[in-house]
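The values are calculated or read from the model by the stated rules, or taken from the named source; none is laboratory data. Predicted, not measured: the structure shown is a model, and the values here were computed from it. Positions of Cβ are generated from backbone atoms using ideal geometry, with glycine treated the same way; all protein chains shown enter the neighbour counts. Just the protein is used for accessible areas: all its heavy atoms, side chains included, with ligands, DNA and RNA removed. Shrake-Rupley method; radii C 1.70, N 1.55, O 1.52, S 1.80 Å.
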Amino acid sequence: MHALLILDMQVGLFHGPDPLWRSAALLDAVNLLLDKAHQAGAPVFLARHVGPPGSPIEPGSPLTCLIDELRLQGDEVVFEKSRPSAFAATPLVAWLRERGAEGVVIAGLKTQYCVDSTCRAARDLGLDAVLVEDAHSCSDTEVLSAEQIVAHHNATLAGPFCRLVSAADWNFQP
């Protein structure tokens, strides 16, 4: 069984000052995954990135709240992280093992930071890492467009670090 892990779909990133590439399509893909996970009874985890006290994303900041547009049912595990990898200094791997998950399906924000780090860490922890190619995004940088960043990470991570699937093609096994 695979669990769904949604990274940093929070107000300060999704509705922040730097526009996300394909934000509407990202939201549709993440909500499709949520619907499929709920229907199959797969565990769902949502990470919220927080910074140190005094930062704009300090614990308790409204910028760290999950966006209202997510189709949540209330039985998901929501946790805070302070590092790019959702596994660093969190109980995530223990929660996955407690629920019998041998793999994790990864979606969310931002591609070149938390999505990348979490994919790599999942494989290092012996989990079957699955990256949903159309369910992660970021903003343009001075060097690359967000579209280029997403395409690069999909190509780089696929194989050595994860399996690559589309949201429409992925099905959680009950």
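Checking the stated criteria, residue 93 turns out not to satisfy the condition of being touching a strand residue (DSSP E or B) at 6+ places or on another chain (Cβ under 9 Å) and not acidic (Asp, Glu). Would a scan of the stretch 72-80 turn up a residue that is among the small types (Gly, Ala, Ser) and surrounded by 15 or more Cβ atoms within 10 Å (Cβ to Cβ)? Among the residues of the stretch 72-80, not one is among the small types (Gly, Ala, Ser) and surrounded by 15 or more Cβ atoms within 10 Å (Cβ to Cβ), which makes the answer no. The lone criterion from (1) crowded, with 22+ Cβ neighbours inside 10 Å; (2) in contact with an Asp or Glu (Cβ under 9 Å, 6 or more places away or on another chain); (3) in a helix (DSSP H, G or I) left unmet by residue 119 is number (2).
For (1) touching a residue at least 24 places away in the same chain (Cβ under 8 Å); (2) within 16 Å of the chain's Cα centre (by Cα), each residue gets a yes or a no:
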| position | (1), (2) |
| --- | --- |
| 117 | yes, yes |
| 122 | yes, yes |
| 125 | yes, no |
| 129 | yes, yes |
| 140 | yes, no |
| 152 | no, no |
| 163 | yes, yes |
| 168 | yes, no |
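Among the residues here, residue 100 qualifies as within 21 Å of residue 162 (Cα to Cα) and not in a strand (DSSP E or B). Residues in the stretch 132-168 that are over 21 Å from residue 28 (Cα atoms) and in a helix (DSSP H, G or I): 152, 155, 156, 157. Taking the stretch 81-115, which residues are among the charged types (D, E, K, R) and open to solvent by 20 Å² or more (accessible area, probe 1.4 Å)? Listed by number, the residues that qualify are 83, 97, 98, 99, 102, 110. Out of 119, 138, 114, one residue alone is at pLDDT 95 or above and touching a Cys at 6+ places or on another chain (Cβ under 8 Å). It is 119. Out of the stretch 24-60, which residues are surrounded by fewer than 16 Cβ atoms within 10 Å (Cβ to Cβ), among the polar types (S, T, N, Q) and at pLDDT 95 or above? Result: 39, single match. Looking across the stretch 2-17, the residues that are under 22 Å from residue 141 (Cβ atoms), at pLDDT 95 or above and open to solvent by 10 Å² or more (accessible area, probe 1.4 Å) come down to 11, 12, 13, 14, 15. If you filter the stretch 29-64 down to residues that are charged (D, E, K, R) and without any contact (Cβ under 8 Å) to a residue 60 or more places away in the chain, you find that the one that is nearest to residue 87 (Cα to Cα) is 48.
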